[in-house]
């Protein structure tokens, strides 16, 4: 049994309140949960959530701390229609490095992040596979991640997904460059001294 | 002969390993002394192939390896070399004299910073690790030798064996400052993996000379345009070998830009044993069919550690396979276990050399 306050489907728009939605995101919806057992008799209300106006929820989900312990749930949810949460099953994930770029595709070397022993791959990927926002990042040496998996919707539909996302690396700052140059200068002086010995 | 049979003490050996990405040469210099040139991994055991092989032969890596040479810093020549340096405790470390530049050390620092963002290392970050090991062991954060045209890297009076570098040339070293500076990150640029430098004119070429026989290791040196750089500088150099080599580790995976007719006529005994490793990454795998024909015109003894250069990848999951087929065109991979070519010849010349093929190595001509 999950130690939580409110059980609610993430997608339920009728719940309205921000508090309820955020809590729901942290809560795994489980058909086997005996929701009623979470409630104290004094606070329990057997309501149909679709009939509950937002204002009522807002009011009831922010109770007076003097009377109600903060970890006690406030609503009874009728558990008649179990809802399966959306889930992503990752089949394979690679870290890729761009080695060459041409007019409409790039060559990439890929190493698996899901299987340690998987073969490294090389191949060409069309720019069409990369989102518009990421296309300016396609440069030699750029790092990206490629995920292949199944997206399972609450309605039970299964969709194969492929997503390529480029890493947004920080920029070199003048201070950082000065620091590595200074360190390199000292290092190189040591090298010169070694050679002179 | 079995792969695990060691060479005789008076035999020169050139063993070349390569799976399709990566290259390593293991050389027996006579009298139980070894030199390792570059490194690649045996992915089946996740270990540098040179260490696996020397252990197989019964050599003591800690004491029997005299030299470790890194011809240049590209990924396919340096994977696992830090592990070799760590185990070969008495070996002296050699790298290209073109890297004896302040800019190279800036680059190493930049790579160290950029490496924090990237899971899989690049050649330059492996290099940083090597220098850290040398610093801990010898108190010197630099190689023992910087190889350049004419540098003697090893000599043994008892056997008469000498190892000498024939490149990089003086002009290449002079230009390396510019070459390296072009790779350095600039203010406002994104931190990313340092791309490999091209062309490969910083690479070290080695000549191993015994009293009556010699071998030529071509590294990744390219021909270039200037007569004072690349292979053009080697064939016109005053450090030119006075003994033509019977064995040749083909330069730059047999590519046309790593080949000159003068190499075959002036530096090599005819017909030489030409040994190469293929390169399965990059847009065009090497050697291309035209490269094989060109080399075959120069020797009837042309061998590759693996063939073809690339393999079609296999996937356990059908969904992954379908998606890769749709998204990644011309998907390719390389073998997990490197193929092995082994050339042995007595230091005194005399009898014919023997060439053995192991682990999928193939004759091309």
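The values are calculated or read from the model by the stated rules, or taken from the named source; none is laboratory data. Computed from a predicted structure; not experimentally measured. Here Cβ is always computed from backbone atoms with ideal geometry, including for glycine, and neighbour counts include all displayed protein chains.
Residue by residue, here is whether (1) over 20 Å from residue B:253 (Cβ atoms); (2) in contact with a strand residue (DSSP E or B) (Cβ under 9 Å, 6 or more places away or on another chain); (3) modelled with pLDDT under 95; (4) in a helix (DSSP H, G or I) holds:
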| position | (1), (2), (3), (4) |
| --- | --- |
| B:303 | no, yes, no, no |
| B:315 | yes, yes, yes, no |
| B:324 | yes, yes, no, yes |
| B:345 | yes, yes, no, no |
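The residue that is nearest to residue B:71 (Cα to Cα), among those in the range B:208-224 that are in a loop (DSSP other than H, G, I, E, B) and touching a helix residue (DSSP H, G or I) at 6+ places or on another chain (Cβ under 7 Å), is B:219. Please determine whether any residue of the range B:83-93 is without any contact (Cβ under 8 Å) to a residue 40 or more places away in the chain, assigned to a strand (DSSP E or B) and more than 15 Å from the chain's Cα centre (by Cα). No, the range B:83-93 contains no residue that is without any contact (Cβ under 8 Å) to a residue 40 or more places away in the chain, assigned to a strand (DSSP E or B) and more than 15 Å from the chain's Cα centre (by Cα).
Screening the candidates B:298, B:352 for the property of being away from every other protein chain (no Cβ under 14 Å), outside any strand (DSSP E or B), under 28 Å from residue B:159 (Cβ atoms) and under 26 Å from the mean Cα position of the chain (by Cα) yields one hit, B:352. Conditions: (1) assigned to a strand (DSSP E or B); (2) exposed (fewer than 15 other Cβ atoms within 10 Å of the Cβ). Residue A:133 meets all but one. Number of the miss? If we test residue A:133 against (1) assigned to a strand (DSSP E or B); (2) exposed (fewer than 15 other Cβ atoms within 10 Å of the Cβ), just (1) comes out false.
Just one of (1) within 19 Å of residue A:161 (Cβ to Cβ); (2) within 23 Å of the chain's Cα centre (by Cα) fails for residue B:334. It is (1).
Taking the criterion of being within 14 Å of another protein chain (Cβ to nearest Cβ) and either assigned to a strand (DSSP E or B) or in contact with a strand residue (DSSP E or B) (Cβ under 8 Å, 6 or more places away or on another chain) (or both), the residues of the range B:263-285 that qualify are B:278, B:279, B:280, B:281, B:282, B:283, B:285. Tell me, yes or no, whether the range A:174-194 has at least one residue that is surrounded by 19 or more Cβ atoms within 10 Å (Cβ to Cβ) and in a strand (DSSP E or B). Looking for residues that are surrounded by 19 or more Cβ atoms within 10 Å (Cβ to Cβ) and in a strand (DSSP E or B), one finds none in the range A:174-194, hence no.
For every residue, the table says whether it meets (1) in a loop (DSSP other than H, G, I, E, B); (2) more than 10 Å from chain A (Cβ to nearest Cβ); (3) surrounded by fewer than 16 Cβ atoms within 10 Å (Cβ to Cβ); (4) at pLDDT below 85.
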{"residue": "B:149", "(1), (2), (3), (4)": "yes, yes, no, no"}
{"residue": "B:176", "(1), (2), (3), (4)": "no, yes, no, no"}
{"residue": "B:188", "(1), (2), (3), (4)": "yes, no, yes, no"}
{"residue": "B:197", "(1), (2), (3), (4)": "yes, yes, no, yes"}
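For the range B:225-246, the criterion of being in a strand (DSSP E or B) and touching a strand residue (DSSP E or B) at 6+ places or on another chain (Cβ under 6 Å) is met by at least one residue. Among the residues of the range A:148-173, the one identified as within 13 Å of residue B:185 (Cβ to Cβ) and not in a loop (DSSP other than H, G, I, E, B) is A:171.
Residues that are more than 9 Å from every other protein chain (Cβ to nearest Cβ), under 18 Å from residue B:75 (Cβ atoms) and in contact with a helix residue (DSSP H, G or I) (Cβ under 9 Å, 6 or more places away or on another chain) within the range A:102-120 comprise just one, A:106.
For every residue, the table says whether it meets (1) away from chain A (no Cβ under 14 Å); (2) free of Cβ contacts under 8 Å to residues at least 24 places away in the same chain.
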{"position": "B:11", "(1), (2)": "yes, no"}
{"position": "B:17", "(1), (2)": "yes, no"}
{"position": "B:23", "(1), (2)": "yes, no"}
{"position": "B:37", "(1), (2)": "yes, no"}
{"position": "B:50", "(1), (2)": "yes, no"}
{"position": "B:54", "(1), (2)": "yes, no"}
{"position": "B:60", "(1), (2)": "yes, yes"}
{"position": "B:70", "(1), (2)": "yes, no"}
{"position": "B:74", "(1), (2)": "no, no"}
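Residue A:88 falls short on exactly one of the conditions (1) out of contact with any strand residue (DSSP E or B) (no Cβ under 6 Å at 6 or more places or on another chain); (2) at pLDDT below 90, and that condition is (1). Residue A:123 falls short of the stated requirement of being within 7 Å of chain B (Cβ to nearest Cβ), assigned to a loop (DSSP other than H, G, I, E, B) and over 24 Å from the mean Cα position of the chain (by Cα). Quick check: anything in the range A:138-146 at the interface with chain B (Cβ under 10 Å from one of its Cβ atoms), surrounded by fewer than 15 Cβ atoms within 10 Å (Cβ to Cβ) and modelled with pLDDT under 95? So far as the range A:138-146 goes, yes, one or more of its residues are at the interface with chain B (Cβ under 10 Å from one of its Cβ atoms), surrounded by fewer than 15 Cβ atoms within 10 Å (Cβ to Cβ) and modelled with pLDDT under 95.
For beta carbons closer than 7 Å, sequence separation of 6+ or different chains, a first residue in the range A:165-193 that is within 30 Å of residue A:110 (Cβ to Cβ) and a second that is part of a helix (DSSP H, G or I), the qualifying pairs are A:166/A:137; A:180/B:106; A:180/B:109; A:180/B:110; A:180/B:113. Restricting the range A:154-169 to residues that are more than 10 Å from every other protein chain (Cβ to nearest Cβ) and out of contact with any strand residue (DSSP E or B) (no Cβ under 7 Å at 6 or more places or on another chain), the residue that is surrounded by the most Cβ atoms within 10 Å (Cβ to Cβ) is A:154.
For residue A:151, the conditions (1) under 22 Å from residue B:331 (Cα atoms); (2) more than 8 Å from chain B (Cβ to nearest Cβ) are fulfilled apart from (1).
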